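**Student:** Below is the structure I would like to discuss, written out as structure tokens.
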Amino acid sequence: LTMATRRRLMREFVHDCLYARSGYFSSPSERVYHPPAPVRFGALIGEADWRRTQAELVSRASAGFLTPVEYFQPWYARALGRYVVGEHLREAARAGLEGAPAHPLRIVEMGGGNGTCAAGLLGWLRDEYPSLYDSCSYELVEISPAMAERQSHRLREAGIDTDRYVVHNTSAIDWARRG
């Protein structure tokens, strides 16, 4: 039976459209656009300049889409990192472990796109909090083999130590079931 004639649940249909061998995210072509260089926000003059820049980025991303982490790289990932580290250190302080968290920082990202957030956050962590970086783990859970490879490539390209991250090429459901 073809995809159109076989009776099945909507989630199965969506899953196949996105992740099956011929699915959207299984294609080797770029699905989440990664601009060749960060936007130089300091050089933009007002809202009109931002809108022109945004329109140009969107026109280049015709085969895919842009996420906030791609638009605002590296700032978006750094802001997320500041939040995560702040929460991690506050948790340590609440436990009476000022400056020495009870457990290493562990970050899990589901569907990490091009790996831009992971690369930006881990690069920032390495530079700003080396002791946290040295003991942290960052896990990307990515169902698409093409996207998982793109994430690994981006992290290697960014000079992130391979013992700081792992890319799980599996669904979030299967990853969660592993225990």
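**Student:** Inside the range 116-171, can you point out the residues that are touching a Gly at 6+ places or on another chain (Cβ under 6 Å) and aromatic (Phe, Trp, Tyr)?
**Tutor:** Selection gives Trp124 alone.
**Student:** Let me ask something else about it. Could you list all residues from the range 86-121 that are surrounded by 19 or more Cβ atoms within 10 Å (Cβ to Cβ), on the phi < 0 side of the Ramachandran plot and touching a strand residue (DSSP E or B) at 6+ places or on another chain (Cβ under 6 Å)?
**Tutor:** Passing the criteria: Ile107, Glu109, Gly112, Asn114, Ala118.
**Student:** Can I ask one more? Which residue pairs have Cβ atoms under 8 Å apart, sit 6 or more places apart or on different chains, and have a first residue in the range 31-50 that is in contact (Cβ under 8 Å) with a residue 40 or more places away in the chain and a second that is in a loop (DSSP other than H, G, I, E, B)?
**Tutor:** If the second residue must be in a loop (DSSP other than H, G, I, E, B), the pairs left are Arg31/Ala63; Arg31/Gly64; Val32/Gly64; Val32/Leu66; Val32/Thr67; Val32/Gly113; Val32/Asn114; His34/Asn114.
**Student:** Scan the range 116-123 and tell me whether some residue there is of a type outside the set (Lys, Arg), within 18 Å of Tyr165 (Cα to Cα) and in a loop (DSSP other than H, G, I, E, B).
**Tutor:** Taking the range 116-123 as the starting set, the residues that turn out to be of a type outside the set (Lys, Arg) are 116-123.
Filter once more, so that each one left must be within 18 Å of Tyr165 (Cα to Cα): 116-123.
So of that shortlist, the ones also in a loop (DSSP other than H, G, I, E, B) come out as none.
Within the range 116-123, not a single residue is of a type outside the set (Lys, Arg), within 18 Å of Tyr165 (Cα to Cα) and in a loop (DSSP other than H, G, I, E, B).
**Student:** Quickly run through the range 143-163 and pick out the residues that are loosely packed, with under 15 Cβ neighbours inside 10 Å, assigned to a helix (DSSP H, G or I) and at pLDDT 95 or above. Outline the logic, then answer.
**Tutor:** To start, the set of residues in the range 143-163 that are loosely packed, with under 15 Cβ neighbours inside 10 Å comprises 145, 153, 156-157, 159, 161-163.
Retained after the next criterion (residues that are assigned to a helix (DSSP H, G or I)): 145, 153, 156-157, 162-163.
Residues satisfying the conditions are His153, Arg156, Glu157, Thr162, Asp163.
**Student:** To continue, here is another question. Go through (1) open to solvent by 60 Å² or more (accessible area, probe 1.4 Å); (2) within 16 Å of the chain's Cα centre (by Cα) for Glu128 and report which single condition fails.
**Tutor:** (2)
**Student:** May I ask you to list pairs of residues, at least six apart or on different chains, whose Cβ atoms are under 9 Å apart, with the first in the range 57-74 being at pLDDT 80 or above and open to solvent by less than 60 Å² (accessible area, probe 1.4 Å) and the second being part of a loop (DSSP other than H, G, I, E, B) and among the aliphatic types (A, V, I, L, M)?
**Tutor:** Leu57/Val39; Leu57/Leu66; Glu70/Ala61; Tyr71/Val39; Gln73/Val39
**Student:** Sticking with this one: Just the residues that are under 14 Å from the mean Cα position of the chain (by Cα) and surrounded by 20 or more Cβ atoms within 10 Å (Cβ to Cβ), please, taken from the range 131-142.
**Tutor:** Tyr138, Leu140, Val141, Glu142
The values are calculated or read from the model by the stated rules, or taken from the named source; none is laboratory data. In this text the structure is predicted, and so the values were computed from the model without any measurement. Neighbour counts run over all protein chains shown; Cβ positions are idealised from the backbone, glycine included. Protein only, heavy atoms only, side chains kept; ligands, DNA and RNA dropped before computing areas. Shrake-Rupley method; radii C 1.70, N 1.55, O 1.52, S 1.80 Å.
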